[in-house]
Amino acid sequence: MELDLAGSNIKISDDINTWEEVNLLYNSALKQITTKIEILNEEFQEVHKYNPIEHTKARLKSPESIVKKLKRNGYESTIGNMVRYVNDIAGVRIICSFTSDIYKIAEMISNQKDIQVLTVKDYIMNPKPSGYRSYHMIVSLPVYLSDRIVNVKVEIQIRTVAMDFWASLEHKIQYKFEGKAPTHINSELHECAKMVASLDARMLSLNEEILALEGK
Ligand code: GTP
Ligand code: MG
């Protein structure tokens, strides 16, 4: 889709044509979203006197992983297919303390005028069969080049420290067993996921009790 902005020759475009452009655009989108998240965190710190975000990690998917994902889903390795079908070329993971922070952060991001939320998957309300919990958003944001504005997709995963701890270990285990871990390991992981959910809930209510005592 191309759209001429009234009175200017700058176009909004979904066109990405070369691997160099993919790299440049997704890297720029990552920088922008990282800065936006930093600003929101600092503002939140000013207003509410605490940081909802523990830390953030940003990464670009490697060309090998992009090609592997396209192949897995039955697509040819073309730039067009990468842009259309691989939603996590640019990925940001936001780690926070409490489950309630996740929803606050997701809302703050969604409320940004230039960010368009394409999809939301709430694996906290609806955990995956593995036990995985996390809040996922695919967003699109404009990257300004000299002759056009390109909308670029970024995958945002928001989770608590405890959810992240579980997901890292589970990922490592599944990698080791190439996704076919023994049943007892899978059920143990599932048990741990339940403990993580219960820990998150208890830590949240403990924090709320403290905040109430402080009159916040
Ligand atoms: P992918 O093809 O893996 O990108 O999945 P998807 O397009 O169906 O999206 P989904 O939101 O389910 O998963 C996206 C990402 O979330 C994955 O690439 C992982 O980083 C993470 N994820 C999803 N499920 C699990 C899980 O069971 N365990 C762990 N450790 N991570 C998961
Ligand atoms: Mg992925």
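The values are calculated or read from the model by the stated rules, or taken from the named source; none is laboratory data. These numbers were taken from a predicted model, which means no experiment stands behind them. Glycine also receives a Cβ, built like all others from the backbone with ideal geometry; neighbour counts cover every protein chain displayed. Heads up: the accessible areas ignore ligands, DNA and RNA and are worked out on the full protein's heavy atoms, side chains in. Shrake-Rupley method; radii C 1.70, N 1.55, O 1.52, S 1.80 Å.
Within region 21-52, work out how many residues are β-branched (Val, Ile, Thr) and open to solvent by 60 Å² or more (accessible area, probe 1.4 Å).
Residues in region 21-52 being β-branched (Val, Ile, Thr) and open to solvent by 60 Å² or more (accessible area, probe 1.4 Å): 3 in total.
I'd like to check something: does region 160-174 contain any residue that is in a strand (DSSP E or B) and over 30 Å from Asp14 (Cα atoms)?
Yes, region 160-174 has at least one match.
For region 173-198, give me each residue that is farther than 16 Å from Ser134 by Cβ and among the charged types (D, E, K, R).
Lys176, Glu178, Lys180, Glu188, Glu191
Looking at Thr78, Thr99, Thr56, which is the one that is of a type outside the set (A, V, I, L, M, F, W, C) and touching a Leu at 6+ places or on another chain (Cβ under 6 Å)?
None of the other options fit; the residue is Thr99.
In this structure, does Ile33 turn out to be in contact (Cβ under 8 Å) with a residue 40 or more places away in the chain, more than 16 Å from ligand 1 (Cβ to nearest atom), over 23 Å from Ala162 (Cβ atoms) and in contact with a strand residue (DSSP E or B) (Cβ under 8 Å, 6 or more places away or on another chain)?
Against the criterion (in contact (Cβ under 8 Å) with a residue 40 or more places away in the chain, more than 16 Å from ligand 1 (Cβ to nearest atom), over 23 Å from Ala162 (Cβ atoms) and in contact with a strand residue (DSSP E or B) (Cβ under 8 Å, 6 or more places away or on another chain)), Ile33 qualifies.
What tally of residues in region 116-132 results from selecting those that are in contact (Cβ under 8 Å) with a residue 60 or more places away in the chain and more than 16 Å from ligand 2 (Cβ to nearest atom)?
Let us first name the residues in region 116-132 that are in contact (Cβ under 8 Å) with a residue 60 or more places away in the chain, namely 127, 130-132.
Imposing the further condition that a residue be more than 16 Å from ligand 2 (Cβ to nearest atom) reduces the set to 127, 131.
Selection size over region 116-132: 2.
So, of the residues in region 135-188 that are more than 10 Å from ligand 1 (Cβ to nearest atom) and polar (S, T, N, Q), which turns out to be surrounded by the fewest Cβ atoms within 10 Å (Cβ to Cβ)?
Here the answer is Ser146.
Do you know which residues across region 53-88 are under 30 Å from Lys113 (Cβ atoms), open to solvent by 90 Å² or more (accessible area, probe 1.4 Å) and away from ligand 2 (no atom under 16 Å from the Cβ)?
Answer for region 53-88, where residues must be under 30 Å from Lys113 (Cβ atoms), open to solvent by 90 Å² or more (accessible area, probe 1.4 Å) and away from ligand 2 (no atom under 16 Å from the Cβ): just Glu54.
For region 100-126, what are the residues that are open to solvent by 70 Å² or more (accessible area, probe 1.4 Å) and not in a helix (DSSP H, G or I)?
Listed by number, the residues that qualify are Asn111, Lys113, Gln116, Leu118, Val120, Lys121, Met125, Asn126.
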